[in-house]
Each structure stands twice: as structure tokens, then as C-alpha cells.
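Single-structure report; data block below.
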Amino acid sequence: MDKLKLFESSLEMIGELKTEIICSDVVDCGPRLELVEQCIYISFDHGIGVNNLLANDLPIQAMILFRAQFESVVRAYWLMFIASNDDVLKLKFNWTNDEQEQKEKYPMASQMLIQLNNIDDEVNSIIVQLMEFKAFNINALNSFVHTGKHSFTRSTIGFEHKFLLQIMRMANNLVSTAAQLMLKHTKPDKQKFLKMITKKYRECFFLIDDLNASAK
């Protein structure tokens with residue numbers, strides 16, 4: 001499949017998800033869910049950015065944003081299920097110079113996942129998937145962020161087309177994971193909407209069926 005065509009399909013898919021969320025009634029969770037929603041939209045935009053950069057032959061830059069997208073999704077779940085009310089309030093600052101210069105004191109993504117893994121909730125399977133994503137991808141993505149050996153190696157040897165398409169689809173997987181959190185808190189629960197989206201835009205996602213037997 002052509003990268004530009006996949007990018008265009010991804011834009012349509014993300015647009016449908018965002019519209020569905022915006023048009024839905026949500027459970028009243030106060031500023032907590034408001035922050036979660038913002039975090040989800042940030043992850044959506046990151047996903048668009050990753051796809052756009054890959055479609056326009058900027059794969060190293062895409063990998064850096066892919067790392068940020070992953071963390072924004074983890075942060076959304078952490079804010080919903082783990083963060084204290086004080087943590088939430090600290091993120092609702094008023095744009096004063098003093099507040100902007102304060103160092104944020106929040107756990108890293110790995111610590112957030114450990115905390116999330118201890119909750120007994122139906123989202124536990126999602127947390128396991130995020131932990132698996134981290135285990136297989138985070139070291140390489142961190143290397144791109146910090147201009148490590150992966151950056152130098154890939155700038156020389158490049159990326160296979162098939163691999164770039166896989167990354168685009170994995171970025172869309174993170175979009176879906178973020179959307180599920182918001183749809184879980186709509187009235188009524190609209191998580192089933194994701195099944196329709198996945199079926200309609202099957203080419204946009206990287207699913208277990210796409211793996212060969214050894215990879216599974």
C-alpha cells in the first residue's frame with residue numbers, strides 16, 4: 001500500500017473517532033476527564049504527525065513523535081485511574097510565569113504503567129498491551145529521541161517500506177487505544193464504536209492477525 005494513501009485513510013479514521021467523541025455525552029468526572037480528553041486529542045494529533053512525517057519521508061522525526069504519542073496515551077490512562085486530585089489540579093495551571101517555570105514532578109511512563117498494572121479494572125488488558133509496546137519498542141524510540149545509535153544507523157541504511165507502513169498502523173493503534181478510554185466514559189458506553197471503525201478502516205491498523213506464526 002502507498003504511504004500517502006494510508007495517511008489519507010488514517011486522517012479520515014481519526015476524524016471519525018474525534019467527531020464521535022465530541023458529539024457524545026460523557027460521564028461527569030469534573031476536571032479529571034477534561035484533562036484526559038485533552039490528553040487524548042494530543043495523542044490523536046501526535047498520531048497524525050507520525051503518519052504525515054512517514055508519508056513525507058521523514059522517518060527519524062516520526063519515531064521521535066511516536067515516542068511522545070505513546071507517552072501521551074499512557075498519561076491519559078494514568079490521569080483517569082491513578083492521578084490524585086492534587087495531580088489533576090497541578091495540571092490546570094493559570095499560565096503565570098512562576099507556574100510555567102516550575103519543574104513538573106510526575107512519574108515517568110514506565111512508573112505510570114507499573115501503577116496502572118496494579119488496578120483491577122476491565123482496562124487491565126489494555127495496560128498489558130501498552131507494557132508490551134514499551135518492552136519491544138521504547139529503547140529504540142528513546143535512541144531516536146536522544147540522537148543515539150538508532151538515529152545514526154537508520155540515517156545511513158534507511159527503513160524498509162513495509163516497516164514504515166507498520167509504524168503508521170501502530171500509531172493508529174495508539175489512537176484507537178486512546179479513543180477507547182474516552183468512549184468507555186460516554187453515556188451510553190460506546191466502546192463498540194471502535195469495532196466498527198476497525199472494520200471500516202482495517203488497512204489502517206496493525207493487528208495480531210498481521211503477524212506471522214513465529215512473531216505471535
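The values are calculated or read from the model by the stated rules, or taken from the named source; none is laboratory data. Source: prediction; values computed, not measured. In this analysis, Cβ positions are derived from the backbone assuming ideal geometry, glycine residues included, and neighbour counts consider all displayed protein chains. Each accessible area value is taken on the protein alone, full model and side chains, heavy atoms only, with ligands, DNA and RNA left out. Shrake-Rupley method; radii C 1.70, N 1.55, O 1.52, S 1.80 Å.
What's the magnitude of the charge dipole for the stretch 60-216 around its Cα centre, counting Lys and Arg as +1 and Asp and Glu as -1 at the beta-carbon? Answer in Debye, nearest 20. If you can, show how the numbers build up before the last one.
Values: 20 positive and 16 negative charges, 119 e Å.
In debye, rounded to 20, the stretch 60-216 gives about 580.
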I want to check the label-to-label distance for Thr147 and Cys23. Put each point 7 Å from Cα in the C-beta direction and report it in nm to one decimal. 4.6 nm
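For the chain, give the percent of accessible area contributed by carbon and sulfur heavy atoms, probe 1.4 Å, rounded to a whole number. Mind dumping the intermediate values first?
Numbers: 6280 of 12020 Å².
Using a 1.4 Å probe with all protein chains present, the chain comes out at 52 percent carbon and sulfur.
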For the stretch 121-189 the GluC sites (Glu not before Pro) that pass both the DSSP coil test and the at-most-15 other-Cβ-within-10 Å test are Glu122, Glu160
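Hey, got the dipole for the stretch 1-115? About the Cα centre, +1 on K and R Cβ, -1 on D and E Cβ, debye to the nearest 20?
On the way: 10 positive and 18 negative charges, 77 e Å.
Using only the charged Cβ atoms, the result is roughly 360 debye.
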Could you work out how far apart the two model spin labels at Leu58 and Phe163 are, taking each label as a point 7 Å from the Cα in the direction of the beta carbon, and quote it in nm? 2.0 nm
Along the Cα→Cβ direction, 7 angstrom out, place labels at Asp86 and Gln115. What is the inter-label distance in nm? 1.2 nm
With point charges of +1 on the Cβ of Lys and Arg and -1 on the Cβ of Asp and Glu, referenced to the Cα centre of the stretch 52-210, which listed residue (Asn118, Ala76, Asn173) lies farthest in the positive direction of the dipole? Asn173
In the structure shown, of Lys18/Lys105; Lys105/Lys190; Lys3/Lys200; Lys134/Lys162, the pairs separated by more than 26 angstrom at the C-alpha atoms are Lys18/Lys105; Lys105/Lys190
In square angstrom, what is the accessible area per residue of the chain with a 1.4 angstrom probe? 56 Å²
Partner aspartates and glutamates whose C-alpha sits under 18 Å from that of Lys184, ignoring same-chain residues fewer than 8 away, are Glu16, Glu20, Asp25, Asp28, Glu34, Glu37, Asp120, Asp121, Glu122
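Once you order the gyration tensor axes a ≥ b ≥ c over the Cα atoms, which shape class does the stretch 16-87 get: rounded for a/c under 1.5, otherwise prolate or oblate by comparing a/b with b/c?
Taking the square roots of the gyration eigenvalues as a ≥ b ≥ c, the stretch 16-87 is oblate.
Once you charge only the Cβ atoms, +1 for Lys and Arg and -1 for Asp and Glu, what is the size of the charge dipole of the stretch 103-163 about its Cα centre, to the nearest 20 debye?
Details: 6 positive and 6 negative charges, 100 e Å.
I would put it at about 480 debye.
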Theoretical ellipticity at 222 nm over the chain - DSSP helices of four or more residues, -39500 (n - 2.57) apiece, nearest 500: -23000 deg cm²/dmol
What's the FRET efficiency of Asp189 with Gln102 using the Cβ-Cβ distance as r and R₀ = 30 Å, to the nearest 0.05? 0.20
Environment charge of Asn51, counting only residues whose C-beta is closer than 10 Å and scoring Lys/Arg +1, Asp/Glu -1: +1
